[in-house]
Structures are given as C-alpha cells and as structure tokens.
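Please treat every number below as a calculation from the coordinates, not as lab data. Since we're looking at a predicted model, the values are computed, not measured. Cβ coordinates were reconstructed from backbone atoms using ideal geometry, including for glycine residues, and neighbour counts include every protein chain displayed.
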Amino acid sequence: MARGSCRAGEVTQTAVAVRVGRAVVGGRGTIRAGAGTHTPRLQAVAFSGSLVALLLAAGCERAGTPPSQPPGGEGRYRISVDLAPSIKALGQDDLMLSGPAETRIEGLGTLALPALDEALLLESVAVRTAIAEMLPRVDRQGAVNLLARTVREDVSPDVRYTALRSLADTSAKTDAETRATIEAALRDPDAKVRLAAVTACARLCISGTGAERLYVMVLDDPALNTAQLARQALIGLRERDPDGIGVLDQRFSRQVKAALAPAAPLPRRALVALLTLDRGGAELPEVEAALAAALAPNAVPPALRLVAAHALGGMATGPGIEALAVEIDDPAIGVYARDALRRRATAGISGAAEALAGHPGGLTRSPLKAPGLIF
C-alpha cells in the first residue's frame, strides 16, 4: 500500500457538525456556512451517498502522516459542507435553484436538522415556508418538534400554515403534544391557519378541548368557510365519540337556539341549522325555516344553497317544500331542488309530488349525494 493511504481499521473517528452563520451545533467538526456554489441536480442526488466517502477520505493520505500512526486528537478527521447557499436557495422561485438545494439538504437527513432549526429563526418568510414544507422528508421523526415550535411561534401566517399542514401529515394520532399544538392553532388570528388547524383536528383531535373549540367556531368564527369545515370535523368526532359530542350538544343548546333566531344573519343561521340536523334536531321549525330561506338567490354563498337544498330533501314538510318548488328550475340549484322533492314525495310528504308534475324523470332517479361545501 502506498505511503499515506488508508489501511483497514485506521479511520476510526470522524467529526461532523452543522454551522449556520456563527452558531455551531452537532459533533466535533464543522459543516461551515459561507461562500459556496451549487452543484447540478445529478450531483445533488449523489451527495448523500458520497458524503460517507468524503468523511473517510478526510482521514486518508494526510501529507506527512504515516499510515500506521494512531488516530490523533479532537477533530482530526473533519469535512466541511457549506449549507448556507442551499438553505437560502430554498426561497427562490426558480426551481433550477431551489430543487437541487432541496435535494442536497434532504440527502443529509438528520445531519441537516440543526442548520434548519436555526434557519427557521433567521431566514426570510420564503425560506422558512420552504423548510416547513420539506422538514418531514429530511427527518420525519425529528421534524415534529421543529414544526410544532414553528406553528406556535412564527410571526408569519404563511409559515404557520405550512408548518401546521406538515405537522398534521407527520404526527401520529396518539401524539398528545401535537394535538395540543393543533388545538391551540384553532384560535390563531389568521383565518387560513385556523382552516388548516380544523383540517388537522378532524383527523387528530379527540373530544375535549378541541371538540369544544370546533363547536364555538361553527357558531361564531368570522370566516364562514372555516365555520363550515369545523362542522364537518364535528361530524367525524361525533362518529368516534357520540357520547362526548352529545355532552357538548347539551352545553351549547342555548347558543344554538339563539343562532337560529330570525334576527341572526342568514348564512350563519343556515350553517347552524345544518349543525342542528347533525345532532338530530330535524323537528325544530327554526331549522326548516333557515334552510328554506337559504334557497333564495344571493341569500347565502352558492355552495351553501346547494347543501341547504339537499338537506331539505331529508326533512322538509311545509315551508321547505314550497321553497324547493320555487327553485325547481333554478340553473344553479334546480337539480338538487328536484332531487329533494323526489325524496320527499317518496316519503309521502304532501305537495312534493305535485311540485314535480311535468318534470322529466319523475320519481325514478337515484338520490344525489350531498354536495361539498367549499366557498
């Protein structure tokens, strides 16, 4: 073997750390941030595999060091990897810059976490958002704490929103800390973040603080689409824990009744009427009145009109039948109005079959599925 090359067993220690700016964290060597250049995408893909070879090479062929010399002192085998350019490139709109940078950082895996941790505190909104999106691919388990902190503390709604979505996709349903973070985000001042929190809560929350907050959001969240999504989340929770949600039904019965009053804003009345149907309150006249009123053009968001028409097909008796008959030829909701009338006619409700007289299809068409409510 030539002088200065590695013999079996000679390379016994390496030192790796990550530094962003002047802060050094990690092992006994450094991966320094500073001036650096990007490599093409193919080199970036091979980066993680070549890192091991680089680490070994750092201990080999040191000038003037006999191969038989025992390993030296602290940090003898050191390799420097510059992450600062890659981290900053994550915020670029040009995929030719951000794509290879993302691949390079993902290739480092857990070794990149300390640098990304600090970058989440120091870098621009664009970079922090990109980090929040990619963290689960860098280290799925190690990302949870960083994402939870970002949801709680980042000043940017865009970053909190992205971190919350990543956190919900990463965490297990049994993670109590993640649930607590999501439940706290239900009170976020930004509507988009609350929307993401509701989506996450639908999958991860259990009865208790989260369910109670969802109930409140249906009743008074200023963003109607967020309130509707909260209602959808409660439907899932009701299936998993009917007794727990039943307790909330009793606790909020007074607020629900107030929200159904004719003086209340119609979009909220219609949404609370749907919530009342979810809890088994179809017999309340205020529910049918609110849904019937919601069928009028421009009274509520278009998607809510569709849902109101479909819901009336399962419970309308008097004013609901009349309202459906008025909208039977409406270009936006006519197909749902006719479907609702068919279902009420099949149930023997007076006036439904008469309203359908002369319309194609009669009573033979299959019932429509409930429409999605996105507005």
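What does the C-alpha gyration tensor say about the overall shape of region 166-272? Classify as rounded when a/c is under 1.5, otherwise prolate if a/b is larger than b/c, or oblate.
In terms of gyration-tensor shape, oblate.
If you take the beta carbon distance between T209 and A258 as r and set R0 to 22 Å, what does 1/(1 + (r/R0)^6) give as a FRET efficiency, to the nearest 0.05?
0.45
Over every pair of different alpha-carbon atoms in region 243-375, take the mean of 1/r and invert it; report that Kirkwood radius in Å.
Every distinct Cα pair counted, the radius reaches 15.0 Å.
Search the structure for amide H atoms under 5 Å from the amide H of G313, placed 1.01 Å from N in the peptide plane, and list their residues when 5 or more places away or on another chain.
none
What does the charge dipole of region 88-242 about its Cα centre add up to, to the nearest 20 debye, if the Cβ of each Lys and Arg holds +1 and the Cβ of each Asp and Glu holds -1?
With only Lys, Arg, Asp and Glu charged at Cβ, the dipole is about 400 debye.
Counting other C-beta atoms within 10 Å, which of R254, R344, R140, R269 has the fewest, and how do the rest follow?
Starting with the residue having the fewest Cβ neighbours, the order is R254, R140, R269, R344.
Exposure proxy check: M96, M134, M217 ranked by fewest other beta carbons within 10 Å?
In increasing order of surrounding Cβ atoms, one gets M96, M134, M217.
Using +1 on the beta carbon of Lys and Arg, -1 on that of Asp and Glu, and nothing else charged, what's the dipole of region 172-249 about the Cα centre, debye to 20?
Dipole size: approximately 220 debye.
Between the DSSP loop rule and a limit of at most 16 other Cβ atoms within 10 Å, which trypsin sites (Lys or Arg not before Pro) in region 203-246 are left?
Nothing satisfies the criteria.
Just rank K192, K88, K369, fewest to most, by other beta-carbon atoms within 10 angstrom.
By the 10 Å Cβ count, ascending: K369, K192, K88.
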